[in-house]
1. Note down the nm distance, to one decimal, between modelled labels 7 Å out along Cα→Cβ at S168 and at A79.
2. 7 Å from Cα along Cα→Cβ at both A129 and R142: what's the point-to-point distance in nm?
3. Using +1 on the beta carbon of Lys and Arg, -1 on that of Asp and Glu, and nothing else charged, what's the dipole of region 19-172 about the Cα centre, debye to 20?
4. Starting from the Cα of D107, step 7 Å along the direction of its Cβ; do the same at R121; then give the gap between the two resulting points in nm.
5. If each residue of separation counts as 0.36 nm, what is the full-extension length gain between A24 and K96 once their alpha-carbon separation is subtracted?
6. Could you tell me which of T57, A116, F74 has its Cα farthest along the dipole of region 19-172 towards the positive end, charges placed at Cβ (Lys, Arg +1; Asp, Glu -1), taken about the Cα centre?
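Every read-out reported here was derived from the displayed coordinates using simple, explicitly stated rules and does not represent laboratory data. What you see is a predicted model, and the numbers here were worked out from it, not measured in a lab. FYI the Cβ positions are ideal-geometry reconstructions off the backbone, even for glycines, and counts take in every protein chain you see.
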Amino acid sequence: MLVGVLVPLGGAVAGASVHAKQQAVSEAKYAKVLCASYHSALVGINGFTDAYNAAPTDNPATFQSSVVTATSDFLANLARIKQKLAKVYPDVDNGKRVARIMAGDLDRIATKMSGALGKFRTADPNGVAFTADITTFEVALRLLGVDSTDLSKVTDQDVIGAIGDEKSCKKIFPVVGG
């Protein structure tokens with residue numbers, strides 16, 4: 001079971017790819033969009049974890065199919081979150097850099113999770129090594145948040161202050177949000 005496996009991602013799910021059609025927004029608006037994105041990602045993580053834990057274990061092929069579907073659904077949701085966040089950056093010096101810093105996490109998570117999914121998808125559910133394939137998949141998911149960006153890489157005090165002031169950020173960034 002994967003109960004709580006993705007909890008370390010809570011601090012990791014932050015950003016999106018930076019696009020040319022970005023709009024500069026106030027620090028407060030950026031904080032609101034950022035934390036709404038984090039919240040959506042955390043809801044997605046919880047949904048993925050629930051779907052994983054609910055996957056039928058009596059038939060390996062059905063289990064694999066359920067996990068592949070749940071993972072694919074999560075990745076699609078993550079892509080939508082990235083697109084929404086990619087539309088804005090804080091209107092401060094180096095605001096696009098701040099957005100890129102925060103973008104790195106979702107990109108890394110999507111890449112690593114896609115890699116784990118690819119390996120799990122090709123595993124033989126009837127093979128003797130399928131239990132090891134499940135373990136390998138779970139370990140890959142547990143390690144997703146290990147190299148995550150933390151807020152300390154954002155040095156603009158106006159952005160940090162806006163994140164600290166945004167009510168929706170309090171549980172996502174407890175050090176900043178109090």
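1. Between S168 and A79, the label points sit 2.3 nm apart.
2. According to this spin-label approximation, the distance is 2.0 nm.
3. Numbers: 19 positive and 17 negative charges, 91 e Å.
In debye, rounded to 20, region 19-172 gives about 440.
4. In this crude label model, D107 to R121 measures out at 2.2 nm.
5. Contour length minus Cα-Cα distance gives 25.1 nm.
6. Looking along the dipole axis, the top candidate is F74.
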